[in-house]
Structures are given as structure tokens and as C-alpha cells.
Amino acid sequence: MSVMVQKTVNLLDMLPENDQTLAYEIIKKLVLAWDPDFSKLTPDEQERLEIAELEIANGETVSHGDINWN
């Protein structure tokens, strides 16, 4: 969690519950306006995706068939 998110959570926690709900709805509206179908990646998600793609390309993954699921 980024420092900015932590600060935002701390500020929201200081508000009365009614105002917390209002702040949440405002944040939700901003997020939906930025990414209405939740398809954009955060910088952290983008980095993890790139690492995973490299691991797959380098054969550094485990096949599902190789796992004992029992």
C-alpha cells in the first residue's frame, strides 16, 4: 500500500461514519471515471505482470499437471 493510500485511510478513519460513506462514494466515482471496466493496471500490477510474463517466457513456471493437488 502506498504512503498516499495510507494517509487517505487515516484521514477517512477520522471522519464520522456518515462522512466516511460519502468520501467512499466520491472515491468510487473517481475510480470508475478513470477506469469504468476495471481493466487498467496500477504501476504495481503492471510490474508484477511483466515479471510473470518473463517467468513464463523463461520456463520458470510450474505446470498444473506437476502439482499434487491431493
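The values are calculated or read from the model by the stated rules, or taken from the named source; none is laboratory data. Keep in mind that this is a model prediction, so the values were computed, not measured. Cβ placement follows ideal geometry from the backbone for every residue including glycine, while neighbour counts extend to all protein chains displayed. Surface areas here come from the heavy atoms of the whole protein model, side chains and all, with no ligands, DNA or RNA. Shrake-Rupley method; radii C 1.70, N 1.55, O 1.52, S 1.80 Å.
Per Stokes-Einstein, at 4 °C and 1.567 mPa s, what whole-number D in µm² s⁻¹ belongs to the chain, with the Kirkwood radius over Cα pairs as the hydrodynamic radius?
After rounding, the answer is 82 µm²/s.
Considering only DSSP states other than H, G, I, E and B, which GluC sites (Glu not before Pro) in region 9-70 qualify as loop sites with at most 16 other Cβ atoms within 10 Å? Before the final figure, lay out the partial values.
On the way: sites: Glu17, Glu25, Glu45, Glu47, Glu50, Glu53, Glu55, Glu60; in loops: Glu60.
Loop-located and lightly packed - Glu60.
7 Å from Cα along Cα→Cβ at both Asp13 and Arg48: what's the point-to-point distance in nm?
So the label points at Asp13 and Arg48 sit 2.2 nm apart.
Relative to the longest principal axis of the chain, what angle (0 to 90°, nearest 10) does the C-alpha long axis of helix 3-14 take?
For 3-14 against the chain, the angle is about 40 degrees.
What is the angle, in °, between the Cα long axis of helix 17-34 and the longest principal axis of the Cα atoms in the chain? Nearest 10 is fine, range 0 to 90.
The two axes meet at around 50 degrees.
Kindly provide the chymotrypsin sites (Phe, Trp or Tyr not before Pro) of the chain that DSSP labels as loop, not H, G, I, E or B, and whose Cβ sees at most 15 other Cβ atoms within 10 Å. Don't jump to the answer; show the numbers that get you there.
Working: sites: Tyr24, Trp34, Phe38, Trp69; in loops: Phe38, Trp69.
Here the chymotrypsin sites (Phe, Trp or Tyr not before Pro) that fit, given the DSSP loop and packing criteria, are Phe38, Trp69.
On the protein heavy atoms, probe 1.4 angstrom, tell me the percent of accessible surface of the chain carried by carbon and sulfur.
Values: 3930 of 6570 Å².
Whole-percent figure for carbon plus sulfur exposure: 60.
What angle, in degrees between 0 and 90 and rounded to the nearest 10, separates the Cα long axis of helix 43-57 from the longest principal axis of the Cα atoms of the chain?
Relative to the chain, helix 43-57 is tipped by roughly 10 degrees.
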